[in-house]
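First the structure, in the form of structure tokens, and then the observations on it.
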Amino acid sequence: MEQPYELMHKDTVCALMLLDEESGDLLALDPVCRDAMPFFGTADLSHMRLWWSNRAVPSSRKDMAQVFRNAGCLTPLEYLLKNLALSLSDTFWVRPAGSTLSWKDVNPHQHDHAVSFDPNATLGGQMEKHWNLTRESPVLVKEAVRFEGQQAVNECFATLLHQLQPSGIEYVSYSLQRNEEGVLCCTCPSFTSEKLELIPAYEIVLSQKGSNSATDYEQFIRVCVQHGLDQDIMQRFMDYQALTDFVISNTDEHLRNFGVLRDPDTLALIGPAPVFDSGNSMFYTEQVRTKPFSRAELLSQKITAVVSSEEKLLHHVKYRDVVDVSALPSRTMVQEFYMQYGIPEEHAAFIAGNYETKKQMLEEFQKGLSISLYAEKQKEQKLRSQNRSRETADSNPC
């Protein structure tokens, strides 16, 4: 059934939305106050359909399936609508047209665990997760039910790596614990509040039409600067994120996994959001392989990021020294870190071996050397050819 709703930013009516209450689909949009809308006020129907679908829990999340059933919902979008699209990451929400509900009636930050609407309805990402609202401030709990819990350990290793860096770049600090079922979980306090909201990078990139030659990396920085942020601060943040992602082999730095913080009352940008969400790193899916990858194999790893490969990502880095290689954890430290949280010794050694190679490559990059997949493949082919020549010579009885 089609029903009109109002898209709200706190108590500001941003737009009228026509929604299908059964499927949750966004059917039509009529802007009312563009300045307060997502995408810095430039949203059209296609953009807002993307925004609306991104706001819902992914359908692949098994932890929410029973929650949907208990609520009588068939789809994540239906559950999103049922809970007024409330989030602990920003101050957007929706209300039925003609409703007298106000922000103070639904504010999840004020109501904490007593609120009747579920802020987990807008909690994205593939890992099973939920908000713990029994604390003074919300705590995110991410459950690592697969890959021997390594994704949770990865988040905490990334925390250690950032702690050792003198860059001053903000990051989310994760801690490890086990839940009642013995599943490894990483937890972190919310870095947003009623006075501080997250604007994901994809909203920023899509808010303006970029030049044909500009990448999302460049577009993100350019638009942030146009909205009042400092060029060098944004460049250093992106470079730091790119280089630390490179050394831990984070394959999941897409445009929803970073962004900027904004004052929801003045709509002024404050600065880059802290670095977060590094769980899909350190070869977490490679639970069987024991021999570390070659340099060419490492550069061939598929990533989901602002560009299609790590090699291309490095091309955008201006401040190569924003990461202090001498302050990065050692190979031994890495192996011991993973072993202490239950990762088998053989796999921990595999992780540490790959990490050490990436660390060496980063050091070479900082010295001005080219990190090229083509060059690394050429080196490997030459090495294999030399080895075959030696084997032939050794087998010749003369």
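Before moving on, here are some points about what is shown:
- Within the range 228-264, considering residues that are under 15 Å from residue 198 (Cβ atoms) and touching a Lys or Arg at 6+ places or on another chain (Cβ under 9 Å), the one surrounded by the most Cβ atoms within 10 Å (Cβ to Cβ): 264
- Test: residue in the range 61-77 that is surrounded by 18 or more Cβ atoms within 10 Å (Cβ to Cβ) and over 24 Å from the mean Cα position of the chain (by Cα): yes
- Filtering the range 106-129 to residues that are within 22 Å of the chain's Cα centre (by Cα) and not in a loop (DSSP other than H, G, I, E, B) leaves 119, 120, 121, 122, 128, 129.
- Enumeration of residues in the range 13-60 that are polar (S, T, N, Q) and at pLDDT 95 or above: 42, 46, 53, 54
- Residues in the range 202-218 that are free of Cβ contacts under 8 Å to residues at least 24 places away in the same chain and of a type in the set (Gly, Ala, Ser): 210, 211, 213, 214.
- Output for the range 161-196, where each listed residue is more than 19 Å from the chain's Cα centre (by Cα) and more than 17 Å from residue 244 (Cβ to Cβ): 177, 178, 179, 180, 181, 182, 183, 184, 194, 195
- Extreme residue, nearest to residue 45 (Cα to Cα), among residues of the range 17-30 that are more than 29 Å from the chain's Cα centre (by Cα) and surrounded by 14 or more Cβ atoms within 10 Å (Cβ to Cβ): 18
- There is at least one residue in the range 186-197 that is farther than 22 Å from residue 271 by Cβ and touching a strand residue (DSSP E or B) at 6+ places or on another chain (Cβ under 6 Å).
- Selection within the range 291-319 - part of a helix (DSSP H, G or I) and either within 26 Å of residue 383 (Cα to Cα) or open to solvent by 30 Å² or more (accessible area, probe 1.4 Å) (or both): 295, 296, 297, 298, 299, 310, 311, 312, 314
- Of the numbered criteria (1) over 13 Å from residue 276 (Cα atoms); (2) in contact (Cβ under 8 Å) with a residue 24 or more places away in the chain; (3) of a type in the set (A, V, I, L, M, F, W, C), the one residue 225 fails is (2).
- Enumeration of residues in the range 339-365 that are farther than 22 Å from residue 295 by Cβ and not small (Gly, Ala, Ser): 339, 340, 341, 343, 344, 345
- Test result for residue 178, touching a Cys at 6+ places or on another chain (Cβ under 9 Å), charged (D, E, K, R) and surrounded by fewer than 20 Cβ atoms within 10 Å (Cβ to Cβ): yes
- Residues of the range 130-149 that are within 20 Å of residue 342 (Cβ to Cβ), in a strand (DSSP E or B) and open to solvent by less than 30 Å² (accessible area, probe 1.4 Å): 141, 142.
- Verdict on residue 157 being over 18 Å from residue 313 (Cβ atoms), open to solvent by less than 10 Å² (accessible area, probe 1.4 Å) and in contact (Cβ under 8 Å) with a residue 24 or more places away in the chain: yes
- Selection status of residue 353, among the small types (Gly, Ala, Ser) and either assigned to a helix (DSSP H, G or I) or crowded, with 19+ Cβ neighbours inside 10 Å (or both): yes
- Options 36, 97, 85, 56: the member that is in contact with a Pro (Cβ under 7 Å, 6 or more places away or on another chain) and either under 23 Å from residue 261 (Cβ atoms) or surrounded by 16 or more Cβ atoms within 10 Å (Cβ to Cβ) (or both): 56
- Residue 353 being over 30 Å from residue 174 (Cβ atoms), modelled with pLDDT of 95 or more and of a type outside the set (Lys, Arg): no
- Close pairs (7 angstrom Cβ cut-off, 6 or more residues apart or separate chains): in contact (Cβ under 8 Å) with a residue 12 or more places away in the chain in the range 365-376, assigned to a loop (DSSP other than H, G, I, E, B) and open to solvent by less than 90 Å² (accessible area, probe 1.4 Å) anywhere: 365/371; 373/300
- Search result, residues across the range 209-249 that are more than 17 Å from residue 167 (Cα to Cα) and among the aromatic types (Phe, Trp, Tyr): 217, 220
The values are calculated or read from the model by the stated rules, or taken from the named source; none is laboratory data. If you're wondering where the values come from, they're calculated on a predicted model, not measured in any experiment. Cβ coordinates were reconstructed from backbone atoms using ideal geometry, including for glycine residues, and neighbour counts include every protein chain displayed. Ligands, DNA and RNA are excluded from the accessible area calculation, which covers all protein heavy atoms including side chains. Shrake-Rupley method; radii C 1.70, N 1.55, O 1.52, S 1.80 Å.
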